[in-house]
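Notes follow the structure.
The values are calculated or read from the model by the stated rules, or taken from the named source; none is laboratory data. Because the structure is predicted, anything quoted here is derived from the model rather than measured. Cβ placement follows ideal geometry from the backbone for every residue including glycine, while neighbour counts extend to all protein chains displayed.
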Amino acid sequence: MNLVKRHPLVAYFGIAYAASAVGLAVIGLPRLGPGGTTNPASLAIFPVLILSVAAASIGLTALTLGRAGLSELWSRMRRFRFDPRLYLVLLVPPASVVITLTVLKLTVSPSFAPGWQLFGLPIGLVAGFFEEIGWTGFAYPRMRARFGAVAGAVLLGLLWGIWHMPVIDSLGAASPHGAAWPAYFAAFVVLVTAIRCLIAWAYERTGSVLLAQLIHASFTGTLILFSAAHVTPGQEATWYFAYAGLMWLGLLAATLATRRFIPLAVPPRSASARPTARE
């Protein structure tokens, strides 16, 4: 127990990746050849994954920081009063998806036409709410304190993307992805790393886990909502890479444009508003 208290971030990722490993054992590795099918077990594994990171965050916060830590986490989850311009960041994922797919539709193939799958919205809300209790509520502040804001966000984004491996082949309209799976997985990781940096960018300016949950919900929900329904697996990897590229360019532009007039809400090198955890 003392070891967990001394290294809560290691414990958090141990729990998160243990759940991911169980999912991979249940679902199995993706089949890279033709003729594969989507494993229906992925529908049961995905809730396990998102609940595991939320539970790890709450449990480890209680263990390491007690009631004061839980109260502070709850405070960040309820924080909605900040510069109202920052709510516009919620439009970034849907706008980026539509722009990416529309440009590809006009220049490459009609198969890239944006879709309209409304079931993506409630999925996004559930994933955003539970996952960000862990990723932003617990992991990012500690990674930021240890590695800095940029390196912490990028590293967390990579770890977040890889954590999805058990269910990755059930995502997207072209599932299963067969021989295109490695490219699709790489594109997915690059994309979610960009989204993680966007969430971190917003968190730096608000200290709000709530806004992180809403951005995550916007990303996941509209990724499904507008996903091109008639693409091949290779085309799906292509548009994910294009979406990621647009996001990275947007992040660079936003950082350069806003750092002068939107002050940081979280002081540099702090784990949270009142850091007390020891790594």
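Odds and ends about this structure:
- Hey, LEU155 touching a helix residue (DSSP H, G or I) at 6+ places or on another chain (Cβ under 8 Å) and either in contact (Cβ under 8 Å) with a residue 24 or more places away in the chain or among the aromatic types (Phe, Trp, Tyr) (or both) or not: no
- The set of residues in the range 31-89 being aliphatic (A, V, I, L, M) and either at positive phi or part of a loop (DSSP other than H, G, I, E, B) (or both) consists of LEU32, ALA41.
- Here TYR240 passes the criteria (1) of a type in the set (Ser, Thr, Tyr); (2) at pLDDT below 95; (3) in a helix (DSSP H, G or I) except the one numbered (2).
- Conditions (1) at pLDDT 95 or above; (2) under 20 Å from ARG196 (Cα atoms); number of the one not met by ARG85: (1)
- When we screen ALA113, ALA68, ALA95 for residues that are under 19 Å from GLY234 (Cβ atoms), at pLDDT 95 or above and either surrounded by fewer than 17 Cβ atoms within 10 Å (Cβ to Cβ) or in contact with a helix residue (DSSP H, G or I) (Cβ under 8 Å, 6 or more places away or on another chain) (or both), the only hit is ALA113.
- Contact map, the range 1-29: residues that are within 20 Å of GLY161 (Cβ to Cβ) and buried (at least 18 other Cβ atoms within 10 Å of the Cβ) paired with residues that are small (Gly, Ala, Ser) and at pLDDT below 85, Cβ distance under 6 Å, separation 6+ or inter-chain. Pairs shown: ILE27/ALA41; ILE27/SER42.
- Of residues in the range 231-249 being small (Gly, Ala, Ser) and surrounded by fewer than 22 Cβ atoms within 10 Å (Cβ to Cβ), the one farthest from CYS197 (Cα to Cα): GLY234
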